[in-house]
Amino acid sequence: MPRTPVLAGNWKMHCTIAEATALADGLASKVGRVEGRRVILAPPFTALGAVRKAIEGTRIELAAQNVHDQAKGAFTGEISPAMLVDAGATSVILGHSERRALFDEGDDFIRRKLESALAIGLGPIVCVGETLAQRDDGRTLAVVSSQVDAAMRGLDATAARRVIIAYEPVWAIGTGRVATREQAQEVHGQIRALLQEIGLPAADVPILYGGSVKPDNVDGLMAEPDIDGALVGGASLEVEGFARIVEYRA
């Protein structure tokens, strides 16, 4: 069976509740009924409830941008998996490069988050990617493979099919630079080969590209055989632009 394309918008630390409501309302009107592809919105925690209400009755899904690995406890400022489910989220972004670089989140912590998310029914969107220095050193495939292996090895087939992997070259996030479609496809193909190598249903795991995805480059990226969608940052904050990404033509 062909993999269903996934177009996800990561709003990062943007949008008050009023702004998030307006953005979600606009997207609900534009792409709320799109079939044959999944549309996921990841607003900040404070706007989860408002966005949930705005997309109610549409096909758009709600995700959170992060989660703690523990169910409860003395973790000031953190959010548990159960809290996200209670807020209406069905997916959660894990291991984004900003979390890895700015908050020192490592592979082991990300794997624990993944397991906790799966245990409560959240679909993990696991981000992997290399820095510019790592790419220049020729270590792209080694770095990305190590991150994927740490997140995925040992999962059973059922769990693996609930995971989305997002390849985001760190050097292309928010910089306006984007990997060529050939560069992106090379890494996506390597990820899929690794999943097969470690005994997982590689053909069933969506692999998204992230890193300055915009309306004017999404069509070419989506034409590649192993690119199953996009995790979009800045371009997801504008209704017309993100709607065009969702309605890509490949």
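Summary of values
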read-out: Criterion violated by P169 - all others in (1) modelled with pLDDT of 95 or more; (2) crowded, with 18+ Cβ neighbours inside 10 Å satisfied; value: (1)
read-out: Among the candidates G57, G26, G36, residue that is more than 19 Å from I110 (Cβ to Cβ), of a type in the set (G, A, S) and part of a helix (DSSP H, G or I); value: G26
read-out: Any pair with Cβ under 6 angstrom, 6 or more apart, that starts in segment 237-250 at a residue that is surrounded by 15 or more Cβ atoms within 10 Å (Cβ to Cβ) and ends at one that is acidic (D, E) and modelled with pLDDT of 95 or more; value: Y248/D219
read-out: Residue within segment 123-136 that is out of contact with any strand residue (DSSP E or B) (no Cβ under 9 Å at 6 or more places or on another chain), outside any loop (DSSP other than H, G, I, E, B) and surrounded by 17 or more Cβ atoms within 10 Å (Cβ to Cβ) present; value: yes
read-out: Members of segment 18-44 that are surrounded by 15 or more Cβ atoms within 10 Å (Cβ to Cβ) and either in contact with a Pro (Cβ under 9 Å, 6 or more places away or on another chain) or closer than 22 Å to A117 by Cα (or both); value: A20, L23, A24, R37, R38, V39, I40, L41, A42, P43, P44
read-out: Contacts under 8 angstrom Cβ, first residue in segment 116-128 being without any contact (Cβ under 8 Å) to a residue 40 or more places away in the chain and farther than 10 Å from L94 by Cβ, partner surrounded by fewer than 21 Cβ atoms within 10 Å (Cβ to Cβ) and not charged (D, E, K, R), 6 or more apart; value: I120/A82; I120/V85; G121/V85; G121/T90
read-out: Considering residues of segment 160-218 that are without any contact (Cβ under 8 Å) to a residue 40 or more places away in the chain, of a type in the set (A, V, I, L, M, F, W, C) and not in a loop (DSSP other than H, G, I, E, B) only, the residue farthest from G121 (Cα to Cα); value: V218
read-out: Residues that are among the β-branched types (V, I, T), farther than 13 Å from L194 by Cα and buried (at least 20 other Cβ atoms within 10 Å of the Cβ), drawn from segment 148-166; value: V163, I164
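The values are calculated or read from the model by the stated rules, or taken from the named source; none is laboratory data. All values derive from a computational prediction rather than experimental measurement. Glycine also receives a Cβ, built like all others from the backbone with ideal geometry; neighbour counts cover every protein chain displayed.
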